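*Asks:* Quick one: this structure, given as structure tokens, is what I'll be asking you about.
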Amino acid sequence: MEFPIDAKLKDGTPIQLILADHRDSEPLRRLFQAIIEEGDSYPHDRLPDEDAFNEYWFKGKSTIVAYPQGSPRGTDLLGAFYVKPNWPGRARHVANAGFMVAPQWRNRGLGWLLGAMMLQYAADLGYRSVIFNLVFAENQVARRLWRKLGFSELAVLPGAVLKNDRTYQDAIVMWKSLLS
């Protein structure tokens, strides 16, 4: 898979998927902060400092960002994903991935497009499967999307996630083979 990739959302909006670099770091940090504050999909309770953020989104990962076609790089970030080995060594063929979609770009097919692209990209990188270790049980939009893309729900982790209201919710482990 070669980047950039031109694509269209379900409403016909043209976008471009690009392999992220330093120019995307600040827009990614801003979006990640908004996602963390929502509290619906990532376990973080605050924005990591710059080094920890770069470790989480860039080090040892392939990070892909989405922008409107023709938009200057680093502005108007629509969403992003990373893919990385979930484990080292003998199990590094199992990928893990993280996703973000800007609130104003939700319900337009971007999450599905990023998910489908990640699966293709992960297969191209040689991964044999993808696992999500911590899908928040109450995040029905994400669970529905991953099932639509062929993921199975393997396990429930009871009370794994502390919510913004200080109660707990379960998390789901989801998995998909990339072998045909």
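*Asks:* Out of the residues in segment 104-136 meeting the condition of being of a type in the set (Gly, Ala, Ser) and outside any strand (DSSP E or B), tell me which one is farthest from the chain's Cα centre (by Cα).
*Replies:* Gly126
*Asks:* Considering every residue within segment 143-155, establish whether at least one is at pLDDT 95 or above, within 15 Å of the chain's Cα centre (by Cα), surrounded by 13 or more Cβ atoms within 10 Å (Cβ to Cβ) and aliphatic (A, V, I, L, M).
*Replies:* Yes: segment 143-155 contains one or more residues that are at pLDDT 95 or above, within 15 Å of the chain's Cα centre (by Cα), surrounded by 13 or more Cβ atoms within 10 Å (Cβ to Cβ) and aliphatic (A, V, I, L, M).
*Asks:* Something else now. Would you check which residues across segment 5-40 are acidic (Asp, Glu) and within 17 Å of Ser71 (Cβ to Cβ) and list them?
*Replies:* Asp6, Asp11, Asp21, Asp24, Glu26
*Asks:* From the residues in segment 39-75 that are free of Cβ contacts under 8 Å to residues at least 60 places away in the same chain, open to solvent by 40 Å² or more (accessible area, probe 1.4 Å) and in contact with a helix residue (DSSP H, G or I) (Cβ under 8 Å, 6 or more places away or on another chain), which one is nearest to Asp124 (Cα to Cα)?
*Replies:* Residue satisfying both the conditions and the ranking: Phe58.
*Asks:* Let me ask you something else. Only one of (1) outside any helix (DSSP H, G or I); (2) more than 19 Å from Phe58 (Cα to Cα) is not met by Leu145, so which one is it?
*Replies:* With respect to (1) outside any helix (DSSP H, G or I); (2) more than 19 Å from Phe58 (Cα to Cα), Leu145 is out only on (1).
The values are calculated or read from the model by the stated rules, or taken from the named source; none is laboratory data. On a predicted model such as this, the values are computed, not experimentally measured, just so you know. Counting neighbours? That spans all protein chains shown, and the Cβs are built from the backbone with ideal geometry, glycine included. What goes into the accessible areas is simple: the full protein's heavy atoms, side chains included, and nothing from ligands, DNA or RNA. Shrake-Rupley method; radii C 1.70, N 1.55, O 1.52, S 1.80 Å.
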